[in-house]
Amino acid sequence: MAGGERAGIAAIAGKVANEIIPWLKWNSHPPPDQNFECVLPQKHNPPKTELDSEQKAHNHPTDVVYSYIDPYTEKTIALNTDLKSYATGTIKQFAIRKALKSLAHSIDCARYSDEWKTRYSLTQEDLEIRGMLFVYNHDGGWDSTFYDIFYGKKSAKKSSTNTESEQDINILNIDLQKDQQIHILEPSSIKYIKTVIDDLEKLHSRGEFNRENYQFFYPDLNLHKAKNLPSSRPATLELISAPFMIIEYQEEHLFNAKQEPVKAIDAGYKIYYKARIDDWKDMFFLLDSLSNYQILNSNKKISIRAIASDQSDMAKNYFRTATQEYIKKWGKSETIEKIEFELIPTVSDFFSKEELDW
């Protein structure tokens, strides 16, 4: 894999990605762990000296490629991905900086590379190629935030010619081209996704969620409306980074040969709230958003599920106050009082030494 991690450790990131990708309704494009020839060698691997006039062959690494269709633009978003897995205390800036620069060069070339597009069956015209750095903490003990390492401590020794220090990653210096993007799925975001999936699996086992028929909810915007079929709408990277995520699921009723009910799941919404709730107004804003999205008028079960790891002890009280204030202002007491609010525990993965060394 790109980056040169020990095989067992590097494979862990791929294993985790493979577990969460289907839930996000993304597509995987084999084969993994491939290089493709650079089509811009003068730009990405120029001769080191004027005397070295011979242009050497140069390749770009691709750990894996994922894609999804954006619900608003209907563009195919292809993610040329670098998978990284690290232990607590070993996530270093120089490795992140190197990975980002490599990704920037890779996606710059991929948009012009017939080899890349043909290999991953991504030849459609309405295609946007982005980079994704997937950074997973495999021992579950890293409690620092990724962006503390990303930004680091600001150096007072910077000059007009030195805009980056060992304590800071300047995104202007990674050669990212105009109109191209690199997304970072860092440990806390991956943990958030895994927490949501773990909760949905538990809810499904209790008959409170339909894992066979669900979709990520996208409200109609002033300038854009969600266009593709609801059942195929994926979790975009923008949705994953948002303060909350709404998942809509459909009803399912099964009967035996005697027409006796054996399974009954009513349609509803699960709303995963990852932002910290510091005031009842945070929850009031959420309720107001649900009203604007017409969810409060749907007559479907609504469950707000706040990620517990960073929540205040007052989170439930804030929600209760918000419902009272909302009813005072807008009414809808019958609907608002039926909304469930729960704090759900964050999952914590730990891979043994044997798993890492295989």
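The values are calculated or read from the model by the stated rules, or taken from the named source; none is laboratory data. It should be emphasised that the depicted structure is a prediction, and the values quoted were computed from it without experimental measurement. Reconstructed Cβ throughout: ideal geometry from the backbone, glycine too, with neighbour counts over all protein chains shown.
Listed values, structure above:
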| read-out | value |
| --- | --- |
| Selection within the stretch 84-107 - over 16 Å from Leu172 (Cα atoms) and at pLDDT below 95 | Lys84, Ser85, Tyr86, Ala87, Thr88, Gly89, Thr90, Ile91, Lys92, Ala95 |
| Close pairs (8 angstrom Cβ cut-off, 6 or more residues apart or separate chains): without any contact (Cβ under 8 Å) to a residue 60 or more places away in the chain in the stretch 250-267, assigned to a strand (DSSP E or B) and β-branched (Val, Ile, Thr) anywhere | Glu251/Ile265; Glu252/Ile265; His253/Ile265; Leu254/Val262; Phe255/Val262; Asn256/Val262 |
| Inter-residue pairs, beta-carbon under 7 Å, first over 18 Å from Arg276 (Cα atoms) and in the stretch 188-216, second outside any helix (DSSP H, G or I) and of a type in the set (Phe, Trp, Tyr), 6+ apart | Leu200/Phe209; Leu203/Phe209; Phe209/Tyr249; Asn210/Tyr249; Asn213/Tyr249; Tyr214/Tyr249 |
| Candidate set from the stretch 73-89 (those that are among the small types (Gly, Ala, Ser) and part of a strand (DSSP E or B)); member that is surrounded by the most Cβ atoms within 10 Å (Cβ to Cβ) | Ser85 |
| Any hit, the stretch 118-131, residues being crowded, with 20+ Cβ neighbours inside 10 Å, of a type in the set (Ser, Thr, Tyr) and touching a residue at least 12 places away in the same chain (Cβ under 8 Å) | yes |
| Any strands (runs of 3 or more DSSP E) falling wholly within the stretch 224-316 and containing at least 1 residues that are acidic (Asp, Glu) and over 22 Å from the mean Cα position of the chain (by Cα) | 252-255 |
| Residues being in a loop (DSSP other than H, G, I, E, B) and either closer than 30 Å to Ile12 by Cβ or in contact with an Asp or Glu (Cβ under 9 Å, 6 or more places away or on another chain) (or both) - total across the stretch 317-350 | 6 |
